[in-house]
Amino acid sequence: MKTDQPVLFESIAALHRAVGQPAPLHPLVSIVNYGEVGGDLSHLASGMIMGFYKISFKTRFRGRIRYGQGYYDFEAGGMSFIAPGQLIRGVDEEADYEGMSLHVHPDLLRPYALGKAIRNYGFFSYTAAEALYVSEKEKETILTVFDRIQDELNERIDSFSQDVIVNQIELLLNYSNRFYNRQFITRKAVNSDILGRFEELLEVYFRDEKTLMTGLPTVQYLADQLNLSPRYLSDLLRSLTGQNTQQHIHNKVIEKAKEYLVAGQLTVAEVAYQLGFEHSQSFNKVFKKKTSQTPLEFRQTFKG
């Protein structure tokens, strides 16, 4: 009976069976060449949720992938990163692509620093529409690392195998970080437009006093308005301004707070309420952290 429920793959071996591949050479890490995937994949049309990391490197792609609520045209090729528990949904049975995917179970990384550090790689929280597009030179670099991992998997396992594989995975992630930073820089014109829209969103939010109804703007709210993931927005802003989304929100809060405090028509508690703080103590803490003064001390400097 047909079901719309996504298929859950808790093990890499289960995924291999589902896409017509032999058992993985290592139970906790594998590489699948898309050109070798075969069989009837219609049972995956409702989507997949995996209990492991998936790093996809597509050198050519024609078709569409649905990720969350959006669709992504992957024609140019590139990389995408999926963390355990995320939903990925294929929607185009005519999709045609080349490349490979690396699957890494969290248990492989647990004995290593990377087991915790992998959470710091923000691109695992990006949507598919925020994929990494790589240059020809970068493609060669990525392919080299994939080849090294595959070569190590093909070798007879010894006491050094896992160390070497984990080191190569970390190298791949660090290269991806570097290439994403390059992507932010080379798309400066587009990203500057996003920055302008972001700043306008913040300005309108405070100008229209939405803080009285919904409190301070959240990173999630602003990202949603720009059709970006929260982590991608923060990384983009940091690449352009050196500050993340939350820091920009606090900067706007301080700017508006100073306007109210200088005007002198509201008490500090009323200013805090006007800006969306439930408690004036929280407002005082943010203000002092940003200005090294309490709101009252700041107001006093403008009194004759």
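Identify, from the list Ile55, Ile82, Ile49, Ile31, the residue that is modelled with pLDDT under 90 and aliphatic (A, V, I, L, M).
Step by step, each of Ile55, Ile82, Ile49, Ile31 is checked, and only Ile49 is modelled with pLDDT under 90 and aliphatic (A, V, I, L, M).
Hey, which of the helices (runs of 4 or more DSSP H) in region 188-304, taking only ones fully inside, have at least 2 residues that are of a type in the set (Val, Ile, Thr) and more than 31 Å from the chain's Cα centre (by Cα)?
The helices (runs of 4 or more DSSP H) meeting that bar are 268-274.
Can you find a residue in region 268-282 that is within 15 Å of Phe206 (Cβ to Cβ) and either among the small types (Gly, Ala, Ser) or in contact with a strand residue (DSSP E or B) (Cβ under 7 Å, 6 or more places away or on another chain) (or both)?
For region 268-282, residues within 15 Å of Phe206 (Cβ to Cβ) and either among the small types (Gly, Ala, Ser) or in contact with a strand residue (DSSP E or B) (Cβ under 7 Å, 6 or more places away or on another chain) (or both): present.
Does Leu153 count as surrounded by 15 or more Cβ atoms within 10 Å (Cβ to Cβ), touching a residue at least 60 places away in the same chain (Cβ under 8 Å) and in a helix (DSSP H, G or I)?
Taking the combined requirement at face value, the residue satisfies it.
Report yes if Asn174 is under 20 Å from the mean Cα position of the chain (by Cα), in a helix (DSSP H, G or I) and among the polar types (S, T, N, Q), otherwise no.
yes
Of the residues Leu226, Leu222, Leu201, Leu266, which is free of Cβ contacts under 8 Å to residues at least 40 places away in the same chain, more than 30 Å from Glu140 (Cα to Cα) and in contact with a Phe, Trp or Tyr (Cβ under 6 Å, 6 or more places away or on another chain)?
Leu266
The values are calculated or read from the model by the stated rules, or taken from the named source; none is laboratory data. Values in this document were obtained by computation on a predicted structure and should not be read as measured data. Glycine also receives a Cβ, built like all others from the backbone with ideal geometry; neighbour counts cover every protein chain displayed.
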